[in-house]
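Read the figures in this text as sums done on the coordinates, not as results from a lab. Computed from a predicted model, the values in this text were never measured in an experiment. All Cβ positions, glycine included, derive from the backbone under ideal geometry; neighbour counts span all protein chains shown.
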Amino acid sequence: MSAVLQILSAGPGLSLQDAGRPGLLSKGLSRGGAMDPLALAEGAALLRSDPGRALAIEMAGAGGTFRAEGADLLIALTGAPMTAEIDGARLHWSGSHVLPRGATLKIGGALKGSYGYLNVSGLDAAEILGARSAHISGGIGGRFQAGDRLTCRPAPDAGGMMIAADDRFSGGEIRILPSVQTDQFATDTLARLETTAFHKDARASRMGARMGHDGPGFSSDAHLAILSEIIVPGDVQVIGDGSPFVLLNECQSMGGYPRIATVISADLTKVAQAAPGSPIRFRFVTLAEALSARTSLDKYLKLLPSRVEPRVRHPGDIPDLLSYQLVSGVISAHHDPHEQET
Amino acid sequence: MGGTEQDSGFPRLHRMGEAGLLVEFGDRLSMAVNAATLAFRAAVEAAAWDGVEESATSLKSVFLRFDPVRLSHEALEAALKDLLRSRDWYGVPLPRGRKLWRVPTVFGGDHGPQLEEAASMAKLSPDDAVAQISRTPVRVLTIGFSPGMPYLGRLPEMFDIPRKTELNPHVPAGGLALAIRQLVLFPVGTQTGWRWIGRAAIDVFGQQAEQPFPLTAGDEILFQPVTESAFEDAWAGVEAGRMMASCEALP
C-alpha cells in the first residue's frame, strides 16, 4: 500500500529541503539546504529517523493544506511555529502527530519566525547532484504547487511526542567575525556596525536578508572596485544603498560587494529565522568564541533525541499540575508553554 | 594588509569567518594571476589535508572551506604558507587534466543581436570580430555567479569594451556575451549588461546529464562558427541531453 502526502493548496514558499549540497562551489553552486537545520534535526528526533538523511517540506511564512492518502502518516511540525490543525483540531507545534488517512492537515501563517517545517516519516524524493533539496535560485527543483504528491510511508508509531525547541525566531544579537574586506572599513564604521539597531527587511529570501536601519550607510571610504570573489552563506556584504546584507544558503557563488563581516555559523539560523522586522544587532567576537559556539551547537544537535518526550502524560507523572497546561489552557500553537524564551 | 599597490604583498592570506581561508594572488585579473590560482588549487587538492572540505577558485584567488575543529586556522595557514613558498606560482604551468572544447556557435542575427555593436566598439567588421573570437582558444577563468557559468578569457585587447549601463532584458540559455576581453556563457536565460553576440550549443549545467558540469576552471574553449540552421540542429541535441561539443585532452 503506498502512502502519499497530497498537497491540496500551497503557500508561496514551500520546497523540499535537506542538508543541501556542500562541495560544489567550484562549479558555481552554493550549498543551499534547509534555512533552519536545527528544525530538520528536531524533526528527525521526533520521527525517530536518521538525522543524516533528514528531509522535510520547508514553508516560508505560511504553510498550506495537505491530505494523507493510502495510509495514516506520521508527521512532525518544527521550526517557526505556525497555526496547525487536523480536521479542525489544533496541533501542538514542535510535536509529532498521526495524520489519519483521508484527513486534512491545515498549516497557516507563522506566529513567530520565518520558516516552518513539515516533516513526514518516510518522505523521499529523487536525488539530483547528491541531494534531494530544491535549490531555487540555482534552478534545481522548485516550489511545491497544489496537486503535488509526495511518497511517504505508513505511520510507524502513534506520534504524540514533543520537543522543547530553542527560540531562534525573533532576531537579537548576532555574533560576527571579520571577513576579507573588514580591514578596509574605517574603524568608526565598524564600531557603528555594532551599535546600530538593525531590523530584518521583509524582502528576505533563501538567498539573503538585507538589514534595514536609520542613519548613514556602511560603505567603506575607499569603496574599491572589487573584482568578484567567492562568497559564502554568512558573509555580510555592504550593498549599493549602504545596508548590510547577510548572505544565506542559496546565495550566488561569487559577488563583488565588499564584505564587512561574516556571521558565525552558530548564529546564521537566527538570521534566517528572524521574522520580518525583527531587531538585529551585530557583535564582533573572537575566533575562539565562534568555535566554542560551533562546538556547543554540535553537541546540542547530538543530544536532541534526549529532549523528545511524550506530550500527554499521566497526571501522577507531572510534578506540578497547575503550572502545566491547565493554566495556559489547551495546548495551542499560539502559545507554546514548552518553548524556552531567551 | 589593505594596500592595493599592484602585486605588492601577493599572494595574501585572508580569513573568511570561522571556516574559510582565501589565498589571493592579485587584486586584478591577469592570465598569470589566474593561472596561479588554478595551479595552486590543484596542489591543494593533491595535498588532501585532513580537515579541508572543499576548494574553489575565483578569477584571482583560491578559497578553502575547512572544519576548524579538526584543523586549526594556524595549522592550515602554516601549511598554505609552506606551499606558497615552495615555488613561483605565477610561473608554473597550468595543471594537467585540462580539456579543449570545440562548441558549435552561431554569431550575430537573432542569436547575437549586439554583435555589430560590439564589433564596432572593437573597430572591426562583424565578420572580422567573429574570425578573431572564434580562433582564440579562451580559458575557463572561473565558474560561478550562477551554477556552471564560465567566465572565459582573454580575448585580444581590442575587445576591452565596457559593460553596458543598462541590462539586456533577456539573453537565453547558451547565450554568449562579451565585455572587458572576456566572454560569459549563460546556463539559463538571464539579464545582463554584457553584449550578447552569439549562442553556443552546450549545456554548462545539465542536472540530469552524465556530466552535470562539463567544464572545469582551466579548460579551454573554441567557439566554432556554424550556420543558424546547423546551430538549431545542435541546440535540439543539447535540449535532448546530448553533448554536441567535442572535447580533447590538453597537454
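By the scheme Lys and Arg +1, Asp and Glu -1, what is the net charge of all other residues having a beta-carbon under 13 Å from that of B:Ser125?
Values: positive: B:Lys123; negative: B:Glu116, B:Glu117, B:Asp127, B:Asp128.
Once positives and negatives cancel, what remains is -3.
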Each label point is 7 Å from the Cα along the Cα-to-Cβ direction; what then is the distance between the points at A:Ser296 and A:Gln145, in nm? 4.5
Among B:Gly26, B:Gly51, B:Gln132, which residue has its Cα furthest toward the positive end of the charge dipole of the protein assembly as shown, with +1 on Lys/Arg Cβ and -1 on Asp/Glu Cβ? B:Gly51
Go through A:Thr269, A:Pro279, A:Val308 and say which Cα lies farthest out towards the positive end of the charge dipole of the range A:245-310; charges sit on Cβ, +1 for Lys and Arg, -1 for Asp and Glu. A:Pro279
So if I place +1 on the C-beta of Lys and Arg and -1 on the C-beta of Asp and Glu, and nothing else carries charge, what would the dipole magnitude of the protein assembly as shown be about its Cα centre? I want it in debye, nearest 20. 320
Taking R0 as 41 Å and r as the Cβ-Cβ distance between A:Arg90 and B:His170, the FRET efficiency 1/(1 + (r/R0)^6), rounded to the nearest 0.05, comes to 0.30
Going 7 Å from the Cα of B:Met31 in the Cα-to-Cβ direction, what parts of the range B:85-112 have a backbone nitrogen less than 13 Å from that spot? B:94
GNM, chain A, Cα, under 10 Å: largest mean-square fluctuation among A:Ala39, A:Ala125, A:Ala56? A:Ala125
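Nearest 0.05, what FRET efficiency do B:Gln211 and A:Ser9 give at R0 = 41 Å with Cβ-Cβ as r? Working shown, then result.
Details: r = 39 Å, r/R0 = 0.95.
Calculated value: 0.60.
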Could you point to the residue in A:Ala56, A:Ser137, A:Ser26 farthest towards the positive end of the range A:1-140's charge dipole, with +1 and -1 charges on the Cβ of Lys/Arg and Asp/Glu respectively? A:Ser26
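If I take every Cα pair under 8 Å that is 6 or more residues apart in chain B, average their sequence separation and divide by the length, what percent do I get for the relative contact order?
Numbers: 507 pairs, mean separation 50.5, N = 251.
Computed value for chain B: 20 percent relative contact order.
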Rounded to the nearest 5, the percent of DSSP beta bridges in the range A:172-297 running antiparallel is 75
Taking the Cα centre of chain A as origin, work out the dipole magnitude from +1 charges on Lys and Arg Cβ and -1 charges on Asp and Glu Cβ, in debye rounded to 20. 540
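Enumerate the helices in chain B for which the Kyte-Doolittle hydropathy averages 0.5 or more and the C-alpha atoms extend at least 15 Å along the helix's axis, using complete DSSP H runs. Present the calculation step by step, with values, prior to reporting the outcome.
Details: long enough: B:31-47 (24 Å, 1.12); B:73-85 (18 Å, -0.12); B:228-239 (16 Å, -0.31).
TM-like helix candidates: B:31-47.
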Mind putting a number on the dipole of the range A:3-163 about its Cα centre? Charges go on the C-beta only, +1 for Lys and Arg and -1 for Asp and Glu, and I need it in Debye to the nearest 20. 260
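Around B:Pro212, what is the net charge, scoring Lys/Arg as +1 and Asp/Glu as -1 over all other residues with Cβ under 10 Å from its Cβ? Don't skip to the answer; put the middle values down first.
Values: positive: A:Lys27; negative: B:Asp203, B:Glu210.
Residues near B:Pro212 contribute -1 overall.
Just want the ordering: A:Arg53, B:Arg98, from fewest to most Cβ atoms lying within 10 Å of their own Cβ. Could the numbers behind the result be given before it?
Values: A:Arg53 12, B:Arg98 18.
The order, fewest Cβ neighbours first, is A:Arg53, B:Arg98.
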Flagged as over-length at 20 Å C-alpha distance, from A:Lys27/B:Lys60; B:Lys60/B:Lys81; A:Lys27/A:Lys200; A:Lys106/A:Lys302; B:Lys60/B:Lys123; A:Lys27/A:Lys302, the pairs are A:Lys27/A:Lys200; A:Lys106/A:Lys302; B:Lys60/B:Lys123; A:Lys27/A:Lys302
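Can you tally the net charge around A:Gly255? Count Lys and Arg as +1, Asp and Glu as -1, for every other residue whose Cβ sits under 9 Å from the Cβ of A:Gly255.
Taking every Cβ under 9 Å from that of A:Gly255, the sum is -1.
Rank these for me by crowding, B:Trp49, A:Trp93, going from fewest to most other beta carbons within 10 Å. Mind dumping the intermediate values first?
Working: B:Trp49 16, A:Trp93 27.
By the 10 Å Cβ count, ascending: B:Trp49, A:Trp93.
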Considering only B:Thr136, B:Thr216, B:Thr227, give the residue with the highest GNM mean-square fluctuation for chain B, with springs between Cα atoms whenever their separation is below 10 Å. B:Thr227
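Would you mind ranking A:Tyr257, A:Tyr117 so that the residue whose beta carbon has the fewest other beta carbons within 10 Å leads the list?
Values: A:Tyr257 19, A:Tyr117 25.
Ranked by crowding around the Cβ, least crowded first: A:Tyr257, A:Tyr117.
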Nearest-0.05 FRET efficiency for A:Thr104 and B:Lys123 at R0 = 51 Å, using Cβ-Cβ distance, is 0.15
